[in-house]
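Each remark here refers to the structure printed beneath this line.
Values in this text are rule-based calculations from the coordinates and carry no lab data. Here the structure is a predicted model, which is why all the values come from computation and not from measurement. Positions of Cβ are backbone-derived with ideal geometry, glycine not excepted, and every protein chain shown enters the neighbour counts.
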Amino acid sequence: MTPPSEMNPDEVLRVKLEVLRDEHRDLDAAIAALQETGRDMLTISRLKKKKLRLKDEITRLSDMLTPDIIA
């Protein structure tokens, strides 16, 4: 992979998007593991909120990478 200084803005966004998607998947696994135990509902709630914020950021970055199509 090329260094960030040599990447164009779209490539930087794609890398950031992939990192956020990985973090989103990790949170999903952590939430599932905590839910199996049925304890620490406060932590589960906080992780779910963080996961939603990540999803919003993923959507925002995806929209930035997808060109608007005028029909």
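Data for the structure
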{"read-out": "Positions within the range 13-47 being aliphatic (A, V, I, L, M), in contact with a helix residue (DSSP H, G or I) (Cβ under 9 Å, 6 or more places away or on another chain) and either free of Cβ contacts under 8 Å to residues at least 24 places away in the same chain or more than 23 Å from residue 60 (Cα to Cα) (or both), in sequence order", "value": "15, 30, 31, 34, 41, 44, 47"}
{"read-out": "Residues that are closer than 10 Å to residue 50 by Cβ and not charged (D, E, K, R), drawn from the range 19-29", "value": "24, 27"}
{"read-out": "Some residue of the range 2-11 being charged (D, E, K, R), surrounded by 12 or more Cβ atoms within 10 Å (Cβ to Cβ) and without any contact (Cβ under 8 Å) to a residue 12 or more places away in the chain", "value": "yes"}
